[in-house]
Amino acid sequence: MKSTVHYREVQRFTQPWLWVFILATLLFVLVTFGWALYQQLVLEEPWGNRPMSNTGLVLSSCGAIGVSAAIVLLFVVLRLEVEVRDDGVHVAFRPLSRRVFSFSDIRQCTARKFQPLRNYGGWGLRSNFRSNAYTVRGDSGVWFEFHSQKPVLVGSQRAEELADVVNAVMASRT
């Protein structure tokens, strides 16, 4: 039996400042290692004060460029999916994490503003001593308090609507 979806929201990392930073970093890595490879392999001039072997430079360059490209790809595919279904609140930070908060475990939920940098050190899958957070952008979310675990903040661009739907579904179950 398929569960009814009462609410669905998908958020991605689309902030221009973030993409400028990510792509500038990738460009820096590409230019730095590209120049290093050109200088040492084509011009046959050692790169740096203590140059490594050609093989070491090629392997290091491939590793640095590969890791940088993988980070860009991760930010392309990362997304926060929130669904309110008959069995609970489904929160997926794809492709990294997925959780279901059962309505029987939720004590209360409220929409609220928060300060991502101050409260959690930024956006993403975050944790501090008092709570966990799933955030992608903005400064609004829904604060979930549970009967037997740390509170969780779920970032939302429609926090009031999300909290209203969760509260309405919880009320209909009693």
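The values are calculated or read from the model by the stated rules, or taken from the named source; none is laboratory data. This is a predicted model, so every value here is computed, not measured. Here the Cβ is made from the backbone with ideal geometry for all residues, glycine too, and neighbour counts use every protein chain on show. Keep in mind that these areas ignore ligands, DNA and RNA; they rest on the heavy atoms of the full protein, side chains included. Shrake-Rupley method; radii C 1.70, N 1.55, O 1.52, S 1.80 Å.
Which fully enclosed strands (runs of 3 or more DSSP E) of region 58-174 have 2 or more residues being in contact with a strand residue (DSSP E or B) (Cβ under 9 Å, 6 or more places away or on another chain) and of a type in the set (D, E, K, R)? Steps first, please.
On the way: elements: 79-85, 88-94, 97-101, 106-113, 124-127, 132-135, 140-146, 152-155.
Strands (runs of 3 or more DSSP E) meeting the threshold: 79-85, 97-101, 106-113.
Is region 110-119 home to any residue that is modelled with pLDDT under 95 and under 22 Å from Leu74 (Cβ atoms)?
Yes.
Cβ contacts < 6 Å: first residue exposed (fewer than 12 other Cβ atoms within 10 Å of the Cβ), restricted to region 112-134; second residue charged (D, E, K, R), any location; separation 6+ or different chain. Result?
Note: pairs meeting the criteria are Lys113/Asp139.
Collect the residues in region 10-62 that are under 27 Å from the mean Cα position of the chain (by Cα), among the small types (Gly, Ala, Ser) and open to solvent by 40 Å² or more (accessible area, probe 1.4 Å), keeping them in residue-number order.
Ala24
Given the conditions (1) part of a strand (DSSP E or B); (2) open to solvent by less than 100 Å² (accessible area, probe 1.4 Å), report the number of the one that Ser3 does not fulfil.
Failing condition for Ser3: (1).
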